[in-house]
Amino acid sequence: MDLETTVGLSEKLLGFAEQLSPNERDALKFQLSVASANELENDFEISHSPEKRSRFSEFLRCTLAIQPFRERVPKYGIVYRGRPDFMTDDLVQQLRAEALSFRPQAKENYEQFIVTVDTPDDSTVCEKLAASDDLYRLVTQHAGPCQHSYISSYIYYEVAGQCSKPHVDNAFTSVTVMIGLRNDQLDPAAPSSTSIVYWPDSPPMEYRLEPGELAIFFGVCVLHGRSPISAGETVHSLLLSFQPRMDNEIGSNASS
């Protein structure tokens, strides 16, 4: 695809996407995310080539444009970053301990370790947090009307070079709550890995979450990932998921 053919692509795809089912739109979004990631250099770097940079930004614009809730999404897709009052020191310690207890069950997934927690009685600390009114209110306050996806996953980066290459999330996990649990570095002089988010015609945004800090972002709309960790670096996080609700989907039980 040359530079000229990318002009106006967002408008054309938006009209096409409005005729698609949610699953078809999600498939289209996935293809756009792959196309945008393919324009990066060394997996994470925006190319210096004007043509590749233009295509990259246009693919990012299209990924956002086809979403029916696109008006809710701010620059870089992050609607909240901080440590809310309910994220107490005690809760953080419980989550850190629980993450360690589930570590033996984690499976290697691409270039990270992950375990999805799903107990019959939702008795774990992370599942209770995922279903809590406190978290639900925080998410809906900043991301708009949402419903729970009830997916709770611990993520572990522990081997030098492990990373999360730039990607977008699926429709079932459209809104992600990422909670920092552990960010240890044995060598203070070594570079620390960061979460990274891309936005059209803008430099990448990089940030790190301290234990107890969380970010709420529209992971289905923005290309994002994590840069490779250094030797001796350990990063543990908890990911919780929600789905946006549109006006015609909002019933009397909005928190279901």
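Scoring GLU111 on the criteria (1) without any contact (Cβ under 8 Å) to a residue 24 or more places away in the chain; (2) among the charged types (D, E, K, R); (3) closer than 27 Å to PRO211 by Cα leaves a single failure, condition (1). Of all residue pairs spaced 6 or more apart or on separate chains, those with beta-carbon atoms under 7 Å, a first member in region 48-76 that is in contact (Cβ under 8 Å) with a residue 40 or more places away in the chain and under 15 Å from ASP169 (Cβ atoms) and a second member that is among the basic types (Lys, Arg) and part of a helix (DSSP H, G or I) are THR63/LYS29; LEU64/ARG70; ILE66/ARG25; ILE66/LYS29. Here GLN94 fulfils each of the conditions (1) open to solvent by 50 Å² or more (accessible area, probe 1.4 Å); (2) in contact with an Asp or Glu (Cβ under 9 Å, 6 or more places away or on another chain); (3) more than 30 Å from LEU32 (Cα to Cα) apart from (2). Taken over region 10-47, the criterion of being touching a Lys or Arg at 6+ places or on another chain (Cβ under 6 Å), closer than 23 Å to THR173 by Cβ and part of a helix (DSSP H, G or I) is satisfied by ALA17 alone.
Of the residues making up region 1-48, those that are of a type in the set (Phe, Trp, Tyr) and either within 16 Å of LEU64 (Cα to Cα) or modelled with pLDDT under 85 (or both) are PHE16, PHE30. Residue under question is PRO22, and the condition is that it be loosely packed, with under 12 Cβ neighbours inside 10 Å and farther than 21 Å from GLU206 by Cβ; does it hold? Yes; evaluated as a whole, the condition is true for this residue. The set of residues in region 103-114 being exposed (fewer than 14 other Cβ atoms within 10 Å of the Cβ) and farther than 23 Å from SER174 by Cβ consists of PRO104, GLN105, LYS107, GLU108. Set side by side, the residues VAL168, VAL117, VAL125, VAL175 differ, and just one is open to solvent by less than 30 Å² (accessible area, probe 1.4 Å) and either farther than 27 Å from PRO68 by Cα or without any contact (Cβ under 8 Å) to a residue 40 or more places away in the chain (or both), which is VAL117.
Each row is one residue, and each column tells you yes or no for (1) of a type in the set (Val, Ile, Thr); (2) part of a helix (DSSP H, G or I); (3) open to solvent by 30 Å² or more (accessible area, probe 1.4 Å); (4) closer than 30 Å to LEU28 by Cβ.
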{"residue": "THR140", "(1), (2), (3), (4)": "yes, yes, yes, yes"}
{"residue": "TYR154", "(1), (2), (3), (4)": "no, no, no, no"}
{"residue": "LEU181", "(1), (2), (3), (4)": "no, no, no, no"}
{"residue": "PRO188", "(1), (2), (3), (4)": "no, no, yes, no"}
{"residue": "ILE196", "(1), (2), (3), (4)": "yes, no, no, yes"}
{"residue": "VAL222", "(1), (2), (3), (4)": "yes, no, no, yes"}
{"residue": "GLY225", "(1), (2), (3), (4)": "no, no, no, yes"}
{"residue": "ILE229", "(1), (2), (3), (4)": "yes, no, no, no"}
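Is there a residue in region 201-210 that is assigned to a strand (DSSP E or B), under 18 Å from ALA37 (Cα atoms), touching a strand residue (DSSP E or B) at 6+ places or on another chain (Cβ under 6 Å) and open to solvent by 10 Å² or more (accessible area, probe 1.4 Å)? Checked against the condition, which is being assigned to a strand (DSSP E or B), under 18 Å from ALA37 (Cα atoms), touching a strand residue (DSSP E or B) at 6+ places or on another chain (Cβ under 6 Å) and open to solvent by 10 Å² or more (accessible area, probe 1.4 Å), region 201-210 yields at least one hit. Quick one: in region 49-91, which of the residues that are in contact with a Leu (Cβ under 6 Å, 6 or more places away or on another chain) and of a type in the set (D, E, K, R) is most open to solvent (accessible area, probe 1.4 Å)? Applying the filter and picking the extreme gives GLU51.
The values are calculated or read from the model by the stated rules, or taken from the named source; none is laboratory data. Please read these numbers as outputs of a predicted model, since none were measured by experiment. Cβ sites come from the backbone with ideal geometry, for glycine too, and all protein chains shown count toward neighbours. The area values use the complete protein model at the heavy-atom level, side chains included, leaving out ligands, DNA and RNA. Shrake-Rupley method; radii C 1.70, N 1.55, O 1.52, S 1.80 Å.
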